[in-house]
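The values are calculated or read from the model by the stated rules, or taken from the named source; none is laboratory data. All of these numbers come straight from a predicted model, not from anything done at the bench. No Cβ is skipped: glycine too gets one built from the backbone with ideal geometry, and neighbour counts run over all protein chains shown. Accessible surface is based on the protein model in full, side chains and every heavy atom, while ligands, DNA and RNA are left aside. Shrake-Rupley method; radii C 1.70, N 1.55, O 1.52, S 1.80 Å.
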Amino acid sequence: DGWLKINPISEEIVVTIVGDNNTTDYDGKEHSVSGFTANTEHALYNVNTDVKFDGTATAARTDAGTTNMGLAKEQFSNTNGNFSNVTFEVTDGYQTINPINVTVTIVGANNTTIYDGKEHSVSGYTATADSELYDVEKDFNFSGTAEAARKNVGTVDMGLAADQFANINPNFDPVTFVVTDGSQ
(Lines give C-alpha, C1' and ligand atoms only; values in the text may rest on other atoms or scores of the structure.)
Protein backbone atom coordinates (compact mmCIF):
# COMPACT_ATOMS: atom_id res chain seq x y z
CA ASP A 1 0.00 0.00 0.00
CA GLY A 2 1.15 3.56 -0.59
CA TRP A 3 1.57 6.03 2.20
CA LEU A 4 2.26 9.66 2.98
CA LYS A 5 4.39 10.80 5.88
CA ILE A 6 4.61 14.37 7.16
CA ASN A 7 7.54 15.09 9.44
CA PRO A 8 7.38 17.80 12.09
CA ILE A 9 9.18 21.04 11.35
CA SER A 10 12.62 20.65 12.91
CA GLU A 11 13.83 24.23 12.48
CA GLU A 12 13.90 26.16 15.72
CA ILE A 13 10.71 28.08 16.46
CA VAL A 14 11.34 30.86 18.97
CA VAL A 15 8.35 32.01 20.99
CA THR A 16 8.90 35.27 22.82
CA ILE A 17 6.95 35.64 26.07
CA VAL A 18 6.76 39.09 27.67
CA GLY A 19 5.00 39.47 31.00
CA ASP A 20 2.78 42.50 31.42
CA ASN A 21 4.03 45.22 33.73
CA ASN A 22 2.63 48.20 35.56
CA THR A 23 4.31 51.12 37.29
CA THR A 24 2.47 53.56 39.53
CA ASP A 25 3.21 56.01 42.32
CA TYR A 26 2.61 55.02 45.92
CA ASP A 27 -0.94 55.75 47.11
CA GLY A 28 -1.35 53.29 49.97
CA LYS A 29 -3.47 50.91 47.86
CA GLU A 30 -2.63 47.52 46.38
CA HIS A 31 -1.88 47.49 42.67
CA SER A 32 -1.62 44.41 40.50
CA VAL A 33 -0.88 43.31 36.98
CA SER A 34 -1.58 40.03 35.21
CA GLY A 35 -1.03 38.40 31.86
CA PHE A 36 1.60 38.16 29.16
CA THR A 37 1.96 38.34 25.41
CA ALA A 38 3.36 35.56 23.25
CA ASN A 39 4.77 36.12 19.76
CA THR A 40 6.66 34.23 17.09
CA GLU A 41 7.76 35.08 13.58
CA HIS A 42 6.85 31.64 12.20
CA ALA A 43 3.66 31.91 10.14
CA LEU A 44 2.41 28.38 10.86
CA TYR A 45 2.87 28.43 14.63
CA ASN A 46 -0.16 29.78 16.52
CA VAL A 47 0.86 31.08 19.95
CA ASN A 48 -2.80 31.22 21.04
CA THR A 49 -3.41 27.49 20.59
CA ASP A 50 0.04 25.89 20.44
CA VAL A 51 1.45 27.13 23.76
CA LYS A 52 0.53 25.70 27.14
CA PHE A 53 1.19 27.79 30.25
CA ASP A 54 1.45 26.12 33.63
CA GLY A 55 1.85 28.91 36.16
CA THR A 56 0.44 32.16 37.48
CA ALA A 57 1.08 35.38 35.61
CA THR A 58 0.24 37.90 38.32
CA ALA A 59 2.14 40.32 40.53
CA ALA A 60 0.76 42.59 43.24
CA ARG A 61 2.12 44.97 45.86
CA THR A 62 1.13 47.90 48.07
CA ASP A 63 4.44 49.46 49.16
CA ALA A 64 7.19 51.02 47.08
CA GLY A 65 9.35 48.52 45.21
CA THR A 66 8.95 45.84 42.55
CA THR A 67 7.28 42.44 42.62
CA ASN A 68 7.98 40.06 39.73
CA MET A 69 5.45 37.58 38.37
CA GLY A 70 7.99 34.78 38.40
CA LEU A 71 7.51 33.78 34.76
CA ALA A 72 10.06 31.18 33.64
CA LYS A 73 10.57 29.25 30.41
CA GLU A 74 9.90 25.98 32.26
CA GLN A 75 6.25 27.08 32.68
CA PHE A 76 5.68 27.12 28.90
CA SER A 77 5.43 24.12 26.60
CA ASN A 78 4.61 23.35 22.98
CA THR A 79 1.35 21.45 22.37
CA ASN A 80 1.57 21.20 18.59
CA GLY A 81 3.20 17.99 17.36
CA ASN A 82 3.94 19.57 13.99
CA PHE A 83 6.85 21.46 15.58
CA SER A 84 9.65 19.53 17.26
CA ASN A 85 12.02 22.35 18.22
CA VAL A 86 10.19 25.13 20.07
CA THR A 87 12.19 27.43 22.34
CA PHE A 88 10.68 29.92 24.77
CA GLU A 89 12.40 33.20 25.55
CA VAL A 90 10.75 34.72 28.62
CA THR A 91 10.86 38.25 30.00
CA ASP A 92 9.22 38.39 33.42
CA GLY A 93 6.34 40.73 34.17
CA TYR A 94 6.26 42.97 37.23
CA GLN A 95 4.36 45.46 39.35
CA THR A 96 6.38 48.49 40.46
CA ILE A 97 5.34 51.16 42.92
CA ASN A 98 7.46 54.29 43.01
CA PRO A 99 7.96 56.22 46.24
CA ILE A 100 6.46 59.69 46.30
CA ASN A 101 8.00 62.90 47.55
CA VAL A 102 6.64 64.65 50.62
CA THR A 103 7.39 67.80 52.57
CA VAL A 104 7.20 67.67 56.35
CA THR A 105 6.91 70.99 58.15
CA ILE A 106 8.38 71.07 61.66
CA VAL A 107 7.54 73.99 63.95
CA GLY A 108 9.27 74.12 67.32
CA ALA A 109 7.24 75.21 70.33
CA ASN A 110 7.67 78.77 71.56
CA ASN A 111 7.11 80.26 75.00
CA THR A 112 7.29 83.90 76.03
CA THR A 113 7.10 84.94 79.68
CA ILE A 114 7.82 88.02 81.76
CA TYR A 115 10.96 87.94 83.89
CA ASP A 116 10.24 86.63 87.39
CA GLY A 117 13.65 85.29 88.45
CA LYS A 118 12.66 81.66 87.75
CA GLU A 119 13.81 79.41 84.93
CA HIS A 120 11.24 78.83 82.21
CA SER A 121 11.38 76.17 79.54
CA VAL A 122 9.60 74.94 76.45
CA SER A 123 9.79 71.62 74.67
CA GLY A 124 8.39 69.81 71.67
CA TYR A 125 7.39 70.58 68.13
CA THR A 126 4.50 70.01 65.76
CA ALA A 127 4.90 68.14 62.51
CA THR A 128 2.60 68.24 59.49
CA ALA A 129 3.02 66.60 56.08
CA ASP A 130 1.68 67.70 52.71
CA SER A 131 0.49 64.11 52.09
CA GLU A 132 -2.11 62.44 54.25
CA LEU A 133 -0.34 59.12 53.55
CA TYR A 134 2.70 60.24 55.55
CA ASP A 135 2.32 59.50 59.28
CA VAL A 136 4.21 62.20 61.20
CA GLU A 137 3.92 60.06 64.35
CA LYS A 138 5.99 57.16 63.04
CA ASP A 139 7.46 57.79 59.56
CA PHE A 140 10.57 59.72 60.65
CA ASN A 141 13.17 59.73 63.43
CA PHE A 142 14.32 62.79 65.36
CA SER A 143 17.89 62.83 66.64
CA GLY A 144 18.02 66.21 68.40
CA THR A 145 16.64 67.79 71.55
CA ALA A 146 13.52 69.89 71.22
CA GLU A 147 14.02 71.92 74.39
CA ALA A 148 14.96 75.45 75.37
CA ALA A 149 15.30 76.95 78.87
CA ARG A 150 16.12 80.43 80.13
CA LYS A 151 16.10 82.31 83.42
CA ASN A 152 17.13 85.84 82.41
CA VAL A 153 15.73 88.25 79.83
CA GLY A 154 16.49 87.20 76.25
CA THR A 155 15.82 84.34 73.87
CA VAL A 156 17.23 80.82 73.67
CA ASP A 157 16.54 78.74 70.56
CA MET A 158 16.03 74.96 70.64
CA GLY A 159 18.47 74.48 67.79
CA LEU A 160 16.11 72.42 65.63
CA ALA A 161 17.57 71.71 62.17
CA ALA A 162 16.46 69.70 59.14
CA ASP A 163 19.40 67.27 59.44
CA GLN A 164 18.02 66.09 62.82
CA PHE A 165 15.00 64.55 61.06
CA ALA A 166 15.31 61.39 58.97
CA ASN A 167 12.64 59.61 56.96
CA ILE A 168 12.26 55.89 57.76
CA ASN A 169 9.36 55.04 55.44
CA PRO A 170 10.58 53.75 52.03
CA ASN A 171 7.26 54.71 50.39
CA PHE A 172 8.41 58.34 50.45
CA ASP A 173 11.48 59.67 48.69
CA PRO A 174 12.62 62.34 48.82
CA VAL A 175 11.31 63.68 52.11
CA THR A 176 12.06 67.35 52.67
CA PHE A 177 11.99 68.66 56.22
CA VAL A 178 11.23 72.37 56.52
CA VAL A 179 12.08 73.42 60.08
CA THR A 180 11.15 76.51 62.07
CA ASP A 181 13.09 76.56 65.34
CA GLY A 182 11.37 76.84 68.70
CA SER A 183 12.47 79.16 71.49
CA GLN A 184 12.06 80.27 75.11
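Checking the conditions here, which among ALA161, ALA166, ALA109, ALA148 is small (Gly, Ala, Ser), under 30 Å from THR62 (Cα atoms) and modelled with pLDDT of 95 or more?
From the options ALA161, ALA166, ALA109, ALA148, the qualifying one is ALA166.
Please specify each residue of the range 148-164 satisfying the condition of being in contact with a Lys or Arg (Cβ under 9 Å, 6 or more places away or on another chain) and crowded, with 16+ Cβ neighbours inside 10 Å.
If the condition is that a residue be in contact with a Lys or Arg (Cβ under 9 Å, 6 or more places away or on another chain) and crowded, with 16+ Cβ neighbours inside 10 Å, then VAL156 is the only one that fits.
Every residue in the range 19-28 that is closer than 13 Å to GLN95 by Cα and either part of a loop (DSSP other than H, G, I, E, B) or in contact with a Lys or Arg (Cβ under 6 Å, 6 or more places away or on another chain) (or both), please.
Residues satisfying the conditions are ASP20, TYR26.
It is to be established whether one or more residues within the range 137-147 are over 36 Å from the mean Cα position of the chain (by Cα) and not acidic (Asp, Glu).
There is no residue in the range 137-147 that is over 36 Å from the mean Cα position of the chain (by Cα) and not acidic (Asp, Glu).
Find the residue count for the range 112-134, including only residues that are assigned to a loop (DSSP other than H, G, I, E, B) and either open to solvent by 50 Å² or more (accessible area, probe 1.4 Å) or farther than 24 Å from TYR26 by Cβ (or both).
Within the range 112-134, residues that are assigned to a loop (DSSP other than H, G, I, E, B) and either open to solvent by 50 Å² or more (accessible area, probe 1.4 Å) or farther than 24 Å from TYR26 by Cβ (or both) number 12.
Run down ALA59, ALA38, ALA64 and say which single residue is small (Gly, Ala, Ser), over 25 Å from the mean Cα position of the chain (by Cα) and at pLDDT 95 or above.
ALA38
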